[in-house]
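The values are calculated or read from the model by the stated rules, or taken from the named source; none is laboratory data. All figures in this text were calculated on a predicted structure; none of them were measured in a lab. Cβ placement follows ideal geometry from the backbone for every residue including glycine, while neighbour counts extend to all protein chains displayed.
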Amino acid sequence: MNEIDPKLRFSLQAVRAYQDSGPKAGDTKLNPMAQYIAAHFRQDTMSPVMVSGWLRLAEFCLLALCGVVAYLWLVGLGGHMAWKYPGVIAGGSLLAVILLEFTDGYSIASLRRPIHFSGRMLLVWAGTFALLALAGFLFKVSEDFSRLWFGAWFVAGFAALMALRLVMAVLIRRWARNGRMERRAVIVGGGQAAETLIRTVEAQSDNDIRICGIFDDRDNSRSPPIVAGYPKLGTIAELIEFARIARIDMLIVSLPLTAESRVLSLLKKLWVLPVDIRLSAHSNQLRFRPRSYSYIGAVPMLDIFDKPINDWDSVAKRAFDIVFSLLGIIVLSPVMAATAIAIKLDSKGPVLFKQKRHGFNNEVVEVYKFRSMYTDRSDPTARQAVTKGDPRVTRVGRFIRKTSIDELPQFFNALFGSLSLVGPRPHAVAAQTHNLLYNEVVDGYFARHRVKPGVTGWAQINGWRGEMDTDEKIKMRTEYDLHYIENWSLWFDLKILFLTPIRLLNTENAY
């Protein structure tokens, strides 16, 4: 089998053939087939939420443009009404987008079939003009506006909307075919429950779910290797490794609520992943209020965990990082230049020190710091933590570590995107306490990596910075990091950012 099937549907013979002849296992725990499929889904996709969001903005601009062109053509610039027309154009365009939102006009189902929804769009656009006319009547200004302009904007606006929707329908179908716009899901739990779930999901013609495979701890006698045409790729432990490689959006647990202990056991392992976790409710006997469910097509799901800082939140946070990173680099450039000179004068070696650390989704990123140790005594793996009076640290290094000036080059990490300005501080890949890796000390430690790590963080401004020489310190740092993830907002980021220089005055634990 040279090509992977677009829908990842396999026969049992194909599964066994690929396992015999596929790529050999490397440095992961995954079997060859799971590695191959994970690599197939390594690229990011476009979120349907983001696509519909940008479309809202595009339609507002398009409707406003139609109104402005009609105004310039039929009315012209100047006159006592020059400021009123732009106000009505902006208000009418915004009102149309809001009404389309309320009438489900931005759902993927609507965008896929613009002709089918053209009647609803016409009704919304006509309703917009009816409300504008009513407002003009109530404020006694309707006679001041050109009827010809009003009619021209109506015709041009609807024609432009339909043209854009037809183009978007073509693009969405193309993106769906080539995998650019989809939500990738993994089924947790096999057997008959998984088969029923898959059949039900696939019966929804308009859903955007791409099933990538099935993971189950049970053996083949209880959980077949092929379910509804999809392969069982491994155990739950292997699923965590799979989700580190593949860009998975959702885990769907296909177990009944009555299997409480098994569901809880699975969730305890899976919550560390930066994905949405849903419990399939299509076959559960218990029934909750409608608001308790989210839906994939018509299939009800109970929302267990949501991916933190997702969609528009991630856009806002990235914009925050770019703006404040550039500001920080500009303001602190004299300090960074002076530090670089001092390091070169103090000891031999490069000015910058690069260290591999755990980043988002447990990926390894390279973090920049000013070099604070003698070159021949540096420890890139951080197996041996820096202690008070450590002879490996240079004279300049002691000062810049105590004042956290050594961290300033990480503004460039935040600008380029490997770090965020605010988030859980990234730890070195081999960082230890009492000869134990941090994840061996703290249960759920890797849940810190559900978001991008930061230059500063909630734990640091609350005193948990510097040497992590006890289990209690790493546990407390993790606790504060998880609190940040669960309570994130731009205001929270701003608060942490502005408190950081104040809290850095306390240098008790920094050396």
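General observations
- Test set (1) in contact with a Lys or Arg (Cβ under 6 Å, 6 or more places away or on another chain); (2) assigned to a strand (DSSP E or B); (3) surrounded by 16 or more Cβ atoms within 10 Å (Cβ to Cβ) - Asp406 fails condition number: (2)
Condition check ((1) outside any helix (DSSP H, G or I); (2) of a type in the set (Val, Ile, Thr); (3) closer than 21 Å to Val51 by Cα; (4) at pLDDT 85 or above) across all residues:
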| residue | (1), (2), (3), (4) |
| --- | --- |
| Gly67 | no, no, no, yes |
| Ala70 | no, no, no, yes |
| Gly79 | yes, no, no, no |
| Pro86 | no, no, no, yes |
| Gly91 | no, no, no, yes |
| Leu123 | no, no, no, yes |
| Gly127 | no, no, no, yes |
| Ala135 | no, no, no, yes |
| Leu166 | no, no, yes, yes |
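- Which listed residue, of Val263, Val272, Val315, is of a type in the set (Val, Ile, Thr), modelled with pLDDT of 80 or more and within 25 Å of Ile108 (Cα to Cα): Val315
- Residues of region 369-403 that are part of a helix (DSSP H, G or I) and either over 22 Å from Arg503 (Cα atoms) or modelled with pLDDT under 80 (or both): Thr375, Asp376, Arg377, Arg395.
- Just one residue in the set Ser47, Ser93 is hydroxyl-bearing (Ser, Thr, Tyr) and closer than 19 Å to Asp208 by Cβ; that residue is Ser47.
- Comparison of Lys344, Lys317 shows that the only residue that is of a type in the set (Lys, Arg) and under 30 Å from Leu482 (Cβ atoms) is Lys317.
- Residues of region 338-379 that turn out to be touching a strand residue (DSSP E or B) at 6+ places or on another chain (Cβ under 8 Å) and at positive phi, as a count: 0
- When region 178-206 is filtered for residues that are of a type outside the set (A, V, I, L, M, F, W, C), crowded, with 19+ Cβ neighbours inside 10 Å and part of a loop (DSSP other than H, G, I, E, B), the ones remaining, listed by number, are Glu182, Gly189, Gly190.
- The strands (runs of 3 or more DSSP E) located wholly in region 211-286 that include 1 or more residues which are in contact with a Pro (Cβ under 9 Å, 6 or more places away or on another chain), more than 24 Å from Gly444 (Cβ to Cβ) and of a type in the set (Lys, Arg) occupy 230-234.
- Boolean, Thr478 is modelled with pLDDT of 85 or more, assigned to a helix (DSSP H, G or I) and farther than 17 Å from Ala414 by Cβ: yes
- Leading residue by the ranking (nearest to Asp208 (Cα to Cα)) among those in region 299-339 that are assigned to a helix (DSSP H, G or I) and among the polar types (S, T, N, Q): Ser314
- Looking across region 308-339, the residues that are crowded, with 16+ Cβ neighbours inside 10 Å, of a type outside the set (Val, Ile, Thr) and under 16 Å from Glu407 (Cβ atoms) come down to Asp321, Phe324, Ser325, Gly328, Met336.
- Flag for Ile502 being at pLDDT 80 or above and under 18 Å from Leu419 (Cβ atoms): no
- Residue in region 101-115 that is among the basic types (Lys, Arg), surrounded by 14 or more Cβ atoms within 10 Å (Cβ to Cβ), touching a residue at least 40 places away in the same chain (Cβ under 8 Å) and part of a helix (DSSP H, G or I) present: yes
- Remark: Val299 matches the filter, which requires a residue to be at pLDDT below 95, surrounded by 14 or more Cβ atoms within 10 Å (Cβ to Cβ) and not assigned by TED's automatic domain parsing to the domain that holds Ser372.
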